[in-house]
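Some notes on the structure that comes next.
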Amino acid sequence: MIRSTARHAACLLALASIAPATLAQGPITRTTPPESAVDAVFKRYDRKDTPGCSVAVIEGGKVLLKKSYGMADPSLGVPRTSATSHWIPYSEARVFVALAVAMLARDGKIGLDDPIRKHIPQVPAYASAVTVRHLLHHTSGLADYLVLDPVGDSMWTRVSKDEFFRVLSRWNKLGFAPGQGKMYSNTDYALLEMLVERSSGGSLHDYLHAKLLKPLGMADTRIGANQATIHPGHALFYFPEGNGYSRAFPYRTSPVGGISVTTNLDDLIRWDAALRDRATGIASLLQQLEAGAPPDAGADAEGRPSDAEGYSFGVFRRTYRGLPIVEYRGISGYHYLVQVPETQLSVATLCNVYPGMESFGADVARLYAASTLPAPPAPARTVGPPIKVSASELARYVGEYRTSNARRLVDVAVANGALVATPRGGKPLPSMVAHGNGQFTTKVNDWTLLLEFKPDENNGMAISQWDMTNNVSTGDGFQRWTPWKPDANAMQDYTGTYVGDDVEAVLHLRADDDRVFVASHGMVETELQPMDKPDHFTGFDIYAVHFERDTAGQVVALLLDATRVKGVRYTRR
């Protein structure tokens, strides 16, 4: 199962993903901010009872600032340093896999347009048209093996290669013809890791250590190291929980997927220098891979930026509050290196906690380039002073809201005389401040979010959003909806055991009065939440659930839909 952990909640900055403003930039020269300005960016982790961060600001190979905040492991009482070893998560580490593939192609060991079955014949025949290049750019059409197995926790436990190929073979279909679509899939990079192993005759780490890491002096960087090791020099990962932090899930090495990197800030400084040094050839290899990216419609199946907008194997290009940047990060926004194009300015950041990692590096980079950035335009939205509104007025806005694609849900309620919005599966946002005419503001991290409630054409209620701090829309609005309310008898229709048609999994459903729960071996029992019509539910991790009935009206199957794979059918036994 792809678990809905605090990691994912941390990446939802509010009711939807908030995109920083894009402004026209001027010429970039560097300024020197006071160190206290950098301290302010990391103030939430500048304590002895929290996980923390390490940051380095580099220009032209010279370290302008290097500082650590918080603890490597609060339970051991060991503070962080620039030498603290640290985990860089899975999708964030894919640039190293892509470079290994590029080096093998440069040396004539493989071709980027080789069919992957040429090198890995165990790949099912239905994927015979999939090439190495398709895998690099997530245009293969191969289903994500982690999503096909919703109960296996495959990313965090061990998956054998035999299990991996068995999952793909049983599924027996592509999501689209290779090269004709784009979909983030862990299957792609699991196959690339195997490709490196088979073409080099050793592990991914062995190959990269000999060809890349050792020549660069990155002695503290390892590929696929066990992250569960507890020792004072290693920063274990933490998630916010309640009023404190809890240690993250156990990280284990696996024969398939789960590609991660263990490194430290000092090695990241060396890595930045290598990326900028033309003599290493690394930047040239990445540019060649990016140049081979196929054109696409601009967004992938996750609704995230595509290659056309600057993403490829963990390298993103965007403009952050007027500053053009290149980010080395993953699909969840954890970025560990930010470079400012046309300058020699870089910011390396490592944290053993997620909240803030989506912006820390960019915020620090902007401090060092702030003197040349254009002033933000006048706010496109204005609000009046705070006012008190009646309980009856607040009650007008209470309800359940969702985006048009039903992928994001939020509950709006009244608590202590104020409106409170709670993203489904997340924590409540701070109480809203009323400004009149349906306008309310709340704080999201250091940003002010404006929520405007307006009646819609169906006599319902809609919410539009505006980031007042960055002067930008925050994307999709929300529509109030009325969920289907099944009674206890209706819930009994869904109870029973469901066996996967094309996946090796069994789901068990039980009813408790007017609630229904799903469970399986190795999976925490989870309540399914009714949607707006009978037989449709959500709440099962990243999946939507739809029950099928026969002509007699009996439930005979359920189907799971996710962004990376649809129509995973389970037959009721």
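Which count do you get for residues in the range 549-567 that are touching a strand residue (DSSP E or B) at 6+ places or on another chain (Cβ under 6 Å) and either under 26 Å from LEU142 (Cβ atoms) or not assigned by TED's automatic domain parsing to the domain that holds ASP501 (or both)?
7
Show me the strands (runs of 3 or more DSSP E) found entirely inside the range 482-571 where at least 1 residues are on the phi > 0 side of the Ramachandran plot and in contact with a Ser or Thr (Cβ under 7 Å, 6 or more places away or on another chain). Give the steps one after another, and end with the answer.
Numbers: elements: 496-500, 506-512, 515-520, 523-527, 536-540, 543-549, 555-561.
Qualifying strands (runs of 3 or more DSSP E): 536-540.
Write out, first by first residue and then by second, each pair whose Cβ atoms fall under 6 Å of each other, whose residues are 6+ apart or on separate chains, and whose first residue, in the range 165-184, is free of Cβ contacts under 8 Å to residues at least 60 places away in the same chain while the second is of a type in the set (Val, Ile, Thr).
Close Cβ pairs satisfying both conditions: PRO178/VAL130.
So TRP484 fits all but one of (1) modelled with pLDDT under 90; (2) within 27 Å of the chain's Cα centre (by Cα); what number is the exception?
(2)
Could you give me the residue pairs with C-beta distances under 7 Å whose first residue belongs to the range 262-276 and is over 16 Å from ARG329 (Cα atoms) and small (Gly, Ala, Ser), whose second residue is outside any helix (DSSP H, G or I) and modelled with pLDDT under 95 wherever it lies, and which are 6+ apart or on separate chains?
Within 7 Å, the pairs are ALA273/GLY61.
What's the total number of residues in the range 62-105 that are over 30 Å from TYR189 (Cα atoms) and either outside the structural domain of GLU197 (by TED's automatic domain parsing) or modelled with pLDDT under 90 (or both)?
Here the count works out to 6.
Pull out all pairs, ordered by first then second residue, where Cβ-Cβ is under 6 Å, the residues are six or more apart or on different chains, the first lies in the range 84-112 and is free of Cβ contacts under 8 Å to residues at least 12 places away in the same chain, and the second is in a loop (DSSP other than H, G, I, E, B) and of a type outside the set (A, V, I, L, M, F, W, C).
none
What's the number of the only condition in (1) modelled with pLDDT of 85 or more; (2) assigned to a loop (DSSP other than H, G, I, E, B) that LEU23 fails to meet?
(1)
Mind listing whichever residues of the range 324-356 are more than 11 Å from the chain's Cα centre (by Cα), touching a residue at least 40 places away in the same chain (Cβ under 8 Å) and in a loop (DSSP other than H, G, I, E, B)?
VAL340, GLU342, THR343, GLN344, ASN352, PRO355, GLY356
Can you name every one of the helices (runs of 4 or more DSSP H) wholly within the range 28-144 that holds 2 or more residues which are in contact with a Ser or Thr (Cβ under 9 Å, 6 or more places away or on another chain)?
It comes to 94-106, 116-119, 132-136.
ASN186 fails exactly one of the following numbered conditions: (1) modelled with pLDDT of 90 or more; (2) touching a Phe, Trp or Tyr at 6+ places or on another chain (Cβ under 7 Å); (3) polar (S, T, N, Q). What is the number of that condition?
With (1) modelled with pLDDT of 90 or more; (2) touching a Phe, Trp or Tyr at 6+ places or on another chain (Cβ under 7 Å); (3) polar (S, T, N, Q) applied to ASN186, the lone miss is (1).
Please pick out the residue among ALA462, ALA380 that is surrounded by fewer than 19 Cβ atoms within 10 Å (Cβ to Cβ), more than 24 Å from the chain's Cα centre (by Cα), modelled with pLDDT under 95 and not in a loop (DSSP other than H, G, I, E, B).
ALA462
The values are calculated or read from the model by the stated rules, or taken from the named source; none is laboratory data. None of the values given here were measured: they were computed from a predicted structure. Cβ coordinates were reconstructed from backbone atoms using ideal geometry, including for glycine residues, and neighbour counts include every protein chain displayed.
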